[in-house]
Amino acid sequence: EKGNYRHFMQKEIFEQPTVVAQTLSSYLRREDVSVALPQFDFDLSAIRRLTIVACGTSYYAGLVAKYWFEKFARVPVDIDVASEFRYRDPVLEEGGLALFISQSGETADTLAALRHCKENGQIIAVVVNVPTSSMAREADLLLPTHAGPEIGVASTKAFTCQLAVLAALAAHMAVKKGRLTREEEREVVTHLLEAPAALNEALNHDDDIAAMAPLFSQTRDVLYLGRGQDYPLALEGALKLKEISYIHAEGYASGEMKHGPIALIDDDVPVVVIAPSGPLFEKTVSNMEEVRARGGKVVLISDAAGIKQAGEGCLATIEMPVVHPLIAPLVYAIPVQLLAYHVAVVKGTDVDQPRNLAKSVTVE
Ligand code: M6R
């Protein structure tokens, strides 16, 4: 079933161009270059507040989507991990939209949060990969990802498919709210349709990333930095590395470095910087300088322009294709997944079934 791949995780990483294309095709209409959602019977334009709840990697997809919902639809977003959400007695206005993101659709904390929201008058939207799951059955608006079965405990293809659906939902909500013109909707759709090819290009760096993995195998800690919509990718990169290679890793918003974690930096701590070039890049470069000035070794994941500007003096660079910012989180997910994967392979851990973890967490 793994075909030519050594692990399910590796197979699932490489499936992403195909499954993201599959997922997008059920949300984007090529004929008129528009977003189309499944049928539902509430008024999306009337939604004044969005609550997003999920766990783990699905939560990080939600963090990326928060940027999109706020940027495109101008809807305030409240987001929390499911295990915290219910216990803080969240303020839920009648008729608000609550969005749950889950690969399995069975995660106990997320399901409990969903039921709590239902009891408190929320409309329930669910982005889920298993269409027969409990969460799918309880949704008012069911938004399936078409990633196919995900076997590796570390979530990979489910994440990028979740991002694809969430981008489509954010754009659709923006259209309904009159925040995106028809022309802008076309642009968003066009960029989303570029994602599968860009994911393929990103996957072409597999060998380079495999070659740098031994640099990480002896290290105890790794920091991941990103900002804006790429900050959640720093969190995701750190989670992937921790869960399959057992190396301690932390994701930080680049600008937060100097508020504490910079004390950790010495020449034994690699710092992975996730930074496509763009308006915030200058700031990221100065954060990198701070790291380097303290002997830290930077691995820069950026595009050609970013690497040209800031690549010198890095321990390594990984060059991503030039992509529109909207699809950057999907594309930059690939190198962080591959890096974690290859480091785990070098360390000889059980990649698909890491210790202490289950694919579906059905206890609270
Ligand atoms: O099935 P779910 O998406 O609800 O699962 C949520 C988390 O348990 C899951 O993403 C977990 O963090 C992964 N092992 C991360 O790779």
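Charges only on Cβ, +1 for Lys and Arg, -1 for Asp and Glu: so what's the dipole of the stretch 1-60 about the Cα centre, in debye to the nearest 20?
240 debye
Within 10 Å of each residue's Cβ, count the other Cβ atoms and sort Val130, Val53, Val351, Val91 from fewest upward.
Going from sparsest to densest Cβ surroundings: Val91, Val130, Val351, Val53.
Rank these for me by crowding, Ser34, Ser286, going from fewest to most other beta carbons within 10 Å. Write down the numbers at each step before the final one.
On the way: Ser34 16, Ser286 12.
By the 10 Å Cβ count, ascending: Ser286, Ser34.
Return the distance in nm (one decimal) between the two label points of a simple spin-label model at Glu194 and Ala304, each offset 7 Å from Cα along Cα→Cβ.
The modelled label-to-label distance comes out at 1.4 nm.
If you place +1 on the Cβ of every Lys and Arg and -1 on the Cβ of every Asp and Glu, how big does the dipole about the Cα centre of the chain come out, in debye to the nearest 20?
200 debye
Once a ≥ b ≥ c are taken as the square roots of the eigenvalues of the Cα gyration tensor of the stretch 211-272, is the result rounded (a/c under 1.5), prolate (a/b larger than b/c) or oblate (a/b not larger than b/c)? Let's see the in-between values first.
Working: a/c = 2.00, a/b = 1.29, b/c = 1.55.
Oblate shape, in that a/c is at least 1.5 and b/c is the bigger or equal ratio.
Got a sec? How would Glu15, Glu183, Glu93 order by Cβ neighbour count within 10 Å, fewest to most?
Lowest to highest Cβ neighbour count: Glu183, Glu93, Glu15.
Looking only at Cα atoms, what is the convex hull volume of the stretch 46-97 per residue, in Å³?
64 Å³
Counting only DSSP beta bridges with both residues in the stretch 2-113, tell me the antiparallel percent, nearest 5.
15 percent
Tell me, what are the semi-axes, in whole angstrom and largest first, of the equivalent ellipsoid of the stretch 80-150 as set by the roots of 5 times the Cα gyration tensor eigenvalues?
21, 13, 9
For the stretch 264-364, build the charge dipole from Cβ charges (+1 Lys, Arg; -1 Asp, Glu) around the Cα centre, then report which of Leu315, Leu330, Val273 sits farthest towards its positive end.
Towards the positive end, the residue furthest out is Leu330.
Grab the beta carbon distance between Arg48 and Asp267, set R0 = 51 Å, and tell me the FRET efficiency rounded to 0.05.
0.50
When a/c is below 1.5 the answer is rounded, else prolate if a/b is larger than b/c, else oblate, so apply that to the stretch 1-109 with a ≥ b ≥ c taken from the square roots of the Cα gyration tensor eigenvalues.
oblate
Simple spin-label model, 7 Å along Cα-to-Cβ: Asp89 to Asp221 in nm?
It works out to 3.8 nm between the two label points.
Taking θ = phi - 60°, what integer Hz values does the Karplus form 6.51 cos²θ - 1.76 cosθ + 1.60 yield along the stretch 302-312, in sequence order, with x for Gly and Pro?
Once θ is set to phi - 60°, the couplings for the stretch 302-312 become 8, 9, 4, 5, x, 5, 4, 6, 10, x, 5 Hz.
So which of Lys118/Lys176; Lys242/Lys359; Lys66/Lys177; Lys66/Lys157; Lys66/Lys297; Lys176/Lys359 end up more than 27 Å apart, counting from Cα to Cα?
Cα-Cα > 27 Å for Lys66/Lys297; Lys176/Lys359; rest within.
If a/c stays under 1.5 just call it rounded; otherwise compare a/b with b/c (prolate if a/b is bigger, oblate if not). Do that for the stretch 205-327, with a ≥ b ≥ c from the square roots of the Cα gyration tensor eigenvalues.
Rounded is the answer for the stretch 205-327, as its axis ratio a/c remains below 1.5.
Counting every Cα pair in the stretch 142-289, what percent are over 19 Å apart?
Details: 7077 of 10878 pairs.
I get 65 percent for the Cα pairs in the stretch 142-289 exceeding 19 Å.
Quick check: pseudo-label points 7 Å beyond the Cα along Cα→Cβ at Arg294 and Asn120, how many nm apart are they?
3.8 nm
What size of dipole, in debye to the nearest 20, comes out for the stretch 229-364 about its Cα centre when the only charges are +1 on Lys and Arg C-beta atoms and -1 on Asp and Glu C-beta atoms?
For the stretch 229-364, the charge dipole is close to 100 debye.
Tell me, what ³J(HN,Hα) does each residue in the stretch 351-361 have, in order and in whole Hz, if you take phi through Karplus 6.51 cos²θ - 1.76 cosθ + 1.60 with θ = phi - 60° and put x for Gly and Pro?
4, 7, 9, x, 4, 6, 10, 10, 5, 10, 9
Let me see the pair-distance distribution of the chain: every alpha carbon pair, 10 Å bin width, integer percents in order.
Distribution as computed: 5, 26, 34, 25, 9, 1 percent.
I'd like the orientation of helix 328-347 relative to the chain: the angle between its Cα long axis and the longest Cα principal axis, in ° from 0 to 90, rounded to 10.
Taking the Cα atoms of the chain, the angle to 328-347 is about 50 degrees.
Put +1 on the Cβ of each Lys and Arg and -1 on the Cβ of each Asp and Glu in the chain; which of Tyr60, Gly296, Ser217 then has its Cα farthest toward the positive end of the dipole?
My answer, from the dipole projection, is Tyr60.
Evaluate the relative contact order of the chain (contact order divided by residue number), counting alpha-carbon pairs under 8 angstrom at least 6 apart; express in whole percent. Can you show the working numbers first?
On the way: 729 pairs, mean separation 72.1, N = 364.
Normalised by residue count, the contact order of the chain is 20 percent.
Rule-based calculations on the coordinates, nothing more; no lab input. Quick caveat: nothing in here was measured; it's all calculated off a predicted structure. We place every Cβ from the backbone using ideal geometry, glycine too, and count neighbours over all the protein chains shown.
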